[in-house]
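Report on the following structure.
Values quoted throughout were computed directly from the atomic coordinates according to the rules given, and no laboratory measurement underlies them. Treat the numbers as computed from the prediction; the structure is a model and nothing was measured. Ideal geometry is used to build each Cβ from the backbone, glycine not excepted, and the neighbour counts take in all protein chains shown.
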């Protein structure tokens, strides 16, 4: 079961996000899917993923996800990854800066019936904001 669940997460990250194939979202994401890291006004299921996907592609059209670790047990898959790209469009009200970024993130996905049903993600948003120049970088000690 764990290996099959890894395939679902790999396809979601590689085929949907990296290969820019949003047509696969409905086949990988359950109608009841909840992404706990998205803004609270996002709808559940594929509709919310579509909105987030379009926002990400608009803001960071060259982004890439590099999976570094994938660990699965039971119905959960944990992925540690690098998210990198260039800020070319508005993101959460922040106008494009043209700056490149690279941040780390860890996501836990829960799979049921061969589809994603929940997603929890912790990403280095502070690092992203600093790299985009929205927040000052910390001073060296």
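Below is a table of values for the structure above.
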{"read-out": "Rough spin-label spacing in nm, given labels placed 7 Å along Cα→Cβ, for residue 120 and residue 32", "value": "1.8"}
{"read-out": "Selected from 31, 73, 121 as most flexible by GNM, with the chain as the system and alpha-carbon contacts under 10 Å", "value": "73"}
{"read-out": "For the chain: relative contact order, % (alpha-carbon pairs under 8 angstrom, 6 or more apart)", "value": "24"}
{"read-out": "Choice from 23, 93, 127 with maximal GNM fluctuation in the chain (Cα, 10 Å cutoff)", "value": "93"}
{"read-out": "Separation in nanometres of the label points that stand 7 Å from Cα toward Cβ, at residue 82 and residue 52", "value": "2.3"}
{"read-out": "Length gained when the stretch residue 94-residue 4 is fully extended (0.36 nm per residue, less Cα-Cα span)", "value": "28.6 nm"}
{"read-out": "Value of [θ]222 nm, deg cm²/dmol, for the chain, DSSP H segments ≥ 4, -39500 (n - 2.57) each, nearest 500", "value": "-7000 deg cm²/dmol"}
{"read-out": "Among (i) -0.37, -0.93; (ii) -0.46, -0.92; (iii) -0.41, -0.95, the entry derived from the coordinates for log10 I(q)/I(0) by the Debye sum over Cα atoms at q = 0.11, 0.17 Å⁻¹", "value": "(iii)"}
{"read-out": "DSSP beta bridge pairing in the chain, given as percent antiparallel to the nearest 5", "value": "90"}
